[in-house]
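Just below is one structure, and these are the notes that go with it.
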Amino acid sequence: MHSRARVQRVAIIIGLFTAIVSCVGDVSAISNSRDFFPLTVGRYIIYQVSQEVYATAQQTPSISNWEEKDEISRLVSDSAGIATYLVIRSSRTTSKGYWQKVKEYTVKKYPEMIVTNVDNRPVISMVYPISKGVTWNGNSFNTNGPAPFSYDQINQPATINTKVFKQVLMVIERNDTSIINRYISTKQYALGIGLVADELTALELCQTTDCIGSGKIESGIRTSRQIVEFGDL
């Protein structure tokens, strides 16, 4: 198992090197790349989550709102000596409610990448050095099909949930649209803070002859997570 993991990692490193070399002429690598995904025990971020669920039999979507908190609870090292952070995710229905633990997940900090493992699905969330034009297969460590992730809008200011961040980068995890569906997934990370926005759209559009191409939503889901508060316990 460990040999297989090493082979996977070597292949990923070679792929990353090739991608970075191919785009050196676009934008120079950011020297403080790792500060976009800071990992410290006790650090937490609270998000406002809004979700719209569309069903064929419903004329309007079902809308839900709640808060989630991701807190780094401890640091361990795996058998290869890679730093592994355990994150506890909790939720509550209102800003005054009690937090209830939802799940635990891990974040592995490699020298050249960050691997986030939620629900036993490890994903390469970020690769180093950060540079516009770099692409990588986010699903390299899981059995799902290839997923081309890429950086966009590096070191740009952004306002998220009324909060202003001076240096933000975007990771495009999926951007597939057509006249019959819309699958878009993006994450934004602020320097020194981490994930500040997570937007997911997975919609099936009307495909009958009378409405195809109109953009009418038949079914699917749209979820938005935006930062409310962050700090250290």
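Is it the case that some residue within the stretch 33-40 is within 22 Å of the chain's Cα centre (by Cα) and modelled with pLDDT under 90?
Yes: the stretch 33-40 contains one or more residues that are within 22 Å of the chain's Cα centre (by Cα) and modelled with pLDDT under 90.
Among the residues of the stretch 46-76, which ones are in a strand (DSSP E or B), out of contact with any Gly (no Cβ under 7 Å at 6 or more places or on another chain) and of a type in the set (Ser, Thr, Tyr)?
Result: Tyr47, Ser50, Ser62, Ser64, Ser73.
With the requirement that a residue be assigned to a strand (DSSP E or B), without any contact (Cβ under 8 Å) to a residue 12 or more places away in the chain and of a type outside the set (A, V, I, L, M, F, W, C), what does the stretch 161-213 give you?
Asn175, Asp176, Thr177
Are there strands (runs of 3 or more DSSP E) fully within the stretch 77-137 with at least 1 residues that are closer than 22 Å to Thr40 by Cα? List them.
83-92, 100-109, 113-118, 121-127
Limited to the stretch 206-233, what total is found for residues that are among the hydrophobic types (A, V, I, L, M, F, W, C) and at pLDDT 95 or above?
Residues flagged as among the hydrophobic types (A, V, I, L, M, F, W, C) and at pLDDT 95 or above within the stretch 206-233 amount to 4.
Quick check on the stretch 128-142: of everything there that is modelled with pLDDT of 95 or more and under 21 Å from Asp176 (Cβ atoms), which residue is surrounded by the fewest Cβ atoms within 10 Å (Cβ to Cβ)?
Asn142
What's the number of the condition Arg121 fails, among (1) among the charged types (D, E, K, R); (2) at pLDDT 95 or above; (3) touching a strand residue (DSSP E or B) at 6+ places or on another chain (Cβ under 8 Å)?
Going through (1) among the charged types (D, E, K, R); (2) at pLDDT 95 or above; (3) touching a strand residue (DSSP E or B) at 6+ places or on another chain (Cβ under 8 Å) one by one, Arg121 breaks only (3).
Test Asp198 against the stated conditions and say whether it is under 20 Å from Thr135 (Cβ atoms), of a type in the set (Asp, Glu), surrounded by 17 or more Cβ atoms within 10 Å (Cβ to Cβ) and modelled with pLDDT of 95 or more.
Criteria met by Asp198.
The values are calculated or read from the model by the stated rules, or taken from the named source; none is laboratory data. What you see is a predicted model; the values in this text were computed from it and never measured. Backbone-built Cβ (ideal geometry, glycine too); neighbour counts: all protein chains shown.
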